[in-house]
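Structure, as structure tokens:
The values are calculated or read from the model by the stated rules, or taken from the named source; none is laboratory data. Just so you know, these numbers come straight off a predicted model, no measurement behind them. FYI the Cβ positions are ideal-geometry reconstructions off the backbone, even for glycines, and counts take in every protein chain you see. Areas reflect the complete protein model, heavy atoms only, side chains present, ligands, DNA and RNA absent. Shrake-Rupley method; radii C 1.70, N 1.55, O 1.52, S 1.80 Å.
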Amino acid sequence: MTSLRSTNAASPRRSATSKKVLLTVFGWSVALVIFFPILWMVLTGFKTETAAIADPSFIFSPTLESYQAVQERSGYVRFALNSVAVAFGSTLLALLIAIPSAYSMAFLPTKRTKGTLLWMLSTKMLPPVGVLVPIYLIFRDVGLLDTRTGLIIIYTLMNLPIVVWMLYTFFKDMPKDILEAGRMDGATTFQEVFFLLLPLTLPGIASTGLLSVILSWNEAFWSLNLTSSKAAPLTAYIASFSSPEGLFWAKLSAASTMAIAPILIFGWMTQKQMVRGLTFGAVK
Amino acid sequence: MRLARHLPLTSLAAAVAFAGQAQAETELTVATVNNNDMVIMQSLTDVFEEAHPEITLDWVVLEENVLRQRMTTDIATGGGQFDVMTIGTYEVPIWAERGWLSPLDNLPEDYAEDDLLASVRDGLSHNDTLHALPFYAESSMMYYRKDLFEEAGIEMTEQPTWEEVREWAGKLHGMEDDLAGICLRGKPGWGENMAFVSTLVNTFGGRWFDEDWNPELNSDAWVNAVQFYVDLLNDYGPAGASSNGFNENLALFSRGNCGMWVDATSAAGKLYDGDESAVADSLGFAPAPIAETPKGSHWLWSWALAIPASSENQDAAREFITWATSQEYVELVGETEGWTSVPPGTRASTYEDERYIEAAPFADFVLQAIQDADPTDSTLEPNPYVGVQFVGIPEFQSIGTRVGQSIAAALTGDSTVEEALDNAQRATERTMQRAGYLD
């Protein structure tokens, strides 16, 4: 009787273990499939151009000649500094505008709030090329072509709907009572936001900011179209190594590795905050 | 009193400082494509700046299609972001007609304008005036593996025909592991598969439009040419031919995976370079094959440097483009980078230079191909357009790409050749009607 019970108990446990193993294997496989192109790009950057077009192989003698060639041809640092300036500049500006907007929508909603939020999101559905010419003409007339300020403005506008939406969701999850208690104690709106709301929703704000930085860093359409030499960020740097005529695979891979390295390291360092922010309020 | 005494001296110092500043102030933004010849030009920036201390060069290098879109936006809106643009024979007449490019008349005598090859010069002129200076030019020709031809007992003819090529491809195909009888462009795009297919249609006796701009894409000549192309690639081409463009075929041929390849003459230097190519020792050259007519059997393309009318630095830009397309520049590249790296196809003097002829045994073929190509008379029956492998109208980019996609679908077996060409014909008719060419 005892042995029968123990066999019965072991069976679901064993099936739970095998399910766990299966899920782990599946998870790792998916991660590997997603990561493989990046790994291949990094490896190709260490090959010669001839080895890069030869039959795919993991065995080769690594060389830094592509990195050297890439560095000689164009100033990586200038492009990287532009990327840092526009990605962080636009994120800062977007947060400055989005925090008061999301606050008013979350805590002082009107009957038009939902419509406004949806309308904001709908602007993301327009293909950017549809407004390229008008924006190009405006930028030309106000002297914003090929300037960091111009790109910061465009990226801010591009990311604002997402930033407002995310912040709105985080603020909505905040118990109103805390803010009310503050108000009872005589806090002004500014103090309420600055000393109560922001510290309590900091993980959410951080993850929103990180997402905005990543989106701005990777943006290629506007950066290629609105900049030429002075304000061109790393996306333009990568594009300069792509070619339908001529073999540049190793150099393109080296340039791409250098372009994604800063944001990859940044993402790695902040992944804890990011995950915490994205799951903030998910379990109540 | 003291100020008055020092005033002339101060003014002189200020004037010198100002003059120095003004002299170093001209910053030229040069937009160019990413290929070997342009990379060499970029690497010689210091040489130009040393000779012209009042000018500094700022480079914007982009992939060809991205650059074309970027430059079109800027020039059409008068953005003035670029002082020098790298454009091709397709854009020059169209942009010049709209007044977007500065005419390049009264070139200095030492530029030797007469030394430019006539067909290239004509392709970059509008109303008999140059609107861009040729940096390098190319045509198309056939590359083949001499070792395989010998082994298979094939003798290359002076002017191969497409029928012969099909027969040879059959013999070569599979002679070695992973060896395709022939490699040709299959990737859709007006500058990709359609550059090749247009020349094939030309030599099969077809044309894009009749004299009244009616498309002829489902004519017998088109059907025969495209059916021949599809059969040839499906029977004797490499696997996945529909995704192969210039780069992919260059990689395949230089690894020894193609018996023959018909493509740009600009590949010759790379295939002949033993460091980049495994077939350098057995490389053979021949003119592009012909069928019904030799007319339009090989293309003509030139990358050229132009000055947009919106540039504020016209004089400095002219100084730069006359330097970069001069005999002096050819000499400089020959001496510093080696004579096979010299930008080909633009100047007669390059082909008279013993150093170049010795280093580049393909020089004669390239020169002949470029001189023979006539963009104003490229089809058996008369046509209303200029261009061998393209039609010199603004609508062609979208038409060419659309037709290229239909033909790629026929190549992969998603549609028959007739269906593909009927679709292409209907789409082209619609575009031409909307653009006002047809009623």
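As a test of the formula, what do you get for chain A when each DSSP H run with n ≥ 4 contributes -39,500 (n - 2.57) and the sum is divided by the residue count, at 222 nm and rounded to the nearest 500 deg cm²/dmol?
Mean residue ellipticity at 222 nm (helix-derived): -23500 deg cm²/dmol.
How much of the DSSP beta bridge set in the protein assembly as shown is antiparallel, as a percent to the nearest 5?
That works out to approximately 65 percent antiparallel.
Show me you know the interface measure: the accessible area buried between B and A, both chains summed, probe 1.4 Å, in Å² to the nearest 100.
Accessible area lost upon association: around 2800 Å².
Let me make sure I get this right: for segment B:252-326, a, b and c are the square roots of the gyration tensor eigenvalues over alpha carbons, sorted descending. Under 1.5 in a/c it's rounded, otherwise prolate if a/b > b/c, else oblate. Which is it? Spell out each step's value before the answer.
Working: a/c = 3.88, a/b = 1.83, b/c = 2.13.
Because a/c hits 1.5 or more and a/b fails to exceed b/c, segment B:252-326 counts as oblate.
What's the whole-number percent of alpha carbon pairs in the protein assembly as shown lying beyond 51 angstrom?
Numbers: 65521 of 261003 pairs.
In whole percent, the share of Cα-Cα pairs in the protein assembly as shown beyond 51 Å is 25.
For A:K251, list the aspartates and glutamates whose Cα falls under 20 Å from its own Cα; do not include residues on the same chain fewer than 8 positions away.
Qualifying aspartates and glutamates at Cα under 20 Å: A:E49, A:D55, A:E65, A:E72, B:D37, B:E63, B:E64, B:E248, B:D273, B:D275, B:E276, B:E337.
Extension gain A:F194-A:R78, at 0.36 nm per residue separation less the Cα-Cα distance, in nm?
38.2 nm
Kindly provide log₁₀ I(q)/I(0) values, in the same order as q = 0.14, 0.19, 0.20, 0.25 Å⁻¹, from the Debye equation applied to equal alpha-carbon scatterers of segment B:346-424.
-0.72, -0.89, -0.91, -1.07
Between B:D177 and B:E25, take the C-beta separation as r, use R0 = 51 Å, and let me know the FRET efficiency to the nearest 0.05.
Working: r = 61 Å, r/R0 = 1.20.
For B:D177 and B:E25, the calculated efficiency is 0.25.
Within the set B:K146/B:K187; A:K124/A:K230; A:K47/B:K270; A:K47/B:K146, which residue pairs have Cα atoms separated by over 23 Å?
In this structure, B:K146/B:K187; A:K124/A:K230; A:K47/B:K146 lie more than 23 Å apart at Cα.
Rounded, prolate or oblate for segment B:19-115? Axes are the square roots of the Cα gyration tensor eigenvalues, ordered a ≥ b ≥ c, and the cut-off for rounded is a/c under 1.5.
rounded
Please compute, for the alpha-carbon atoms of segment A:114-172, the extent along each of the three principal axes and give them in descending order in Å.
Computed over segment A:114-172, the largest-to-smallest principal extents equal 40, 22, 14 Å.
Where the Cα atoms of chain A are projected onto their three principal axes, how long is each span, largest first, in whole Å?
83, 69, 31
What are the ³J(HN,Hα) couplings of segment B:393-399, residue after residue, when phi is run through the Karplus curve with 6.51, -1.76, 1.60 and θ = phi - 60°? Round to Hz, x for glycine and proline.
Per residue, the Karplus-derived 3J(HN,Hα) values read 10, x, 6, 5, 4, 6, 4 Hz.
Taking amide H atoms as placed 1.01 Å from N in the peptide plane, list the residues 5 or more away in sequence, or in a different chain, whose amide H sits under 5 Å from that of B:M142.
B:A286, B:A288
222 nm [θ] for chain B, helices only, -39500 (n - 2.57) per DSSP H run of 4+, per residue, to 500?
Computed ellipticity for chain B at 222 nm equals -14000 deg cm²/dmol.
So what are the radius of gyration and Dmax for the Cα set of chain B, in Å?
Here Rg and the maximum Cα pair distance are 24.2, 99 Å.
Identify the residues of segment A:203-234 with backbone N under 11 Å of a label point that sits 7 angstrom from the Cα of A:D185 along the Cα-to-Cβ direction, or state none.
Zone members listed by number: none at all.
Count the net charge of all other residues whose Cβ sits under 10 Å from the Cβ of A:K251, scoring Lys and Arg as +1 and Asp and Glu as -1.
Neighbourhood net charge equals -1.
For B:L300, which sequence-distant residues (separation of 5 or more, or a different chain) have an amide H within less than 5 Å of its own amide H, given hydrogens modelled in the peptide plane?
Amide H to amide H, under 5 Å and 5 or more residues apart or across chains, B:L300 pairs with B:V388, B:Q389.
For A:V131 and A:D177 in the same chain, what is the full-extension length gain: residue separation times 0.36 nm, less their Cα-Cα distance, in nm?
Length gained, A:V131 through A:D177: 12.2 nm.
Using amide H atoms built 1.01 Å from N in the peptide plane, name the residues 5+ places from B:W59, or on other chains, whose amide H lies under 5 Å from its own.
B:V30
Could you estimate the translational diffusion coefficient of segment A:125-284 from the Stokes-Einstein equation, with Rh from the Kirkwood formula over C-alpha pairs, at 37 °C and 0.692 mPa s, in whole µm²/s?
Values: Rh = 18.6 Å.
It comes out at roughly 176 µm²/s.
Kindly write out, for segment B:230-243 in residue order, the coupling ³J(HN,Hα) from the Karplus curve 6.51 cos²θ - 1.76 cosθ + 1.60 (θ = phi - 60°), rounded to whole Hz, with x marking Gly and Pro.
Karplus values, whole Hz, x for Gly and Pro: 5, 5, 4, 6, 5, 7, 10, x, x, 5, x, 4, 6, 10.
Accessible area, 1.4 Å probe, largest first: how do B:D37, B:D439, B:D110, B:D122 sort?
The residues order as B:D439, B:D110, B:D122, B:D37, largest area first.
Among all the lysines, which ones have a C-alpha under 23 Å from A:K176's C-alpha, if same-chain residues fewer than 8 places away are not counted?
The reachable lysines, counting only those whose Cα sits under 23 Å from A:K176, are A:K111, A:K114, A:K284.
Given a 1.4 Å probe and every protein chain left where it sits, what share in percent of the accessible area of the protein assembly as shown is carbon and sulfur?
Ligands and nucleic acids excluded, carbon and sulfur reach 58 percent.
Return one whole number: the accessible area per residue of the protein assembly as shown in Å², for a 1.4 Å probe.
Details: 33790 Å² over 723 residues.
I get 47 Å² per residue for this part.
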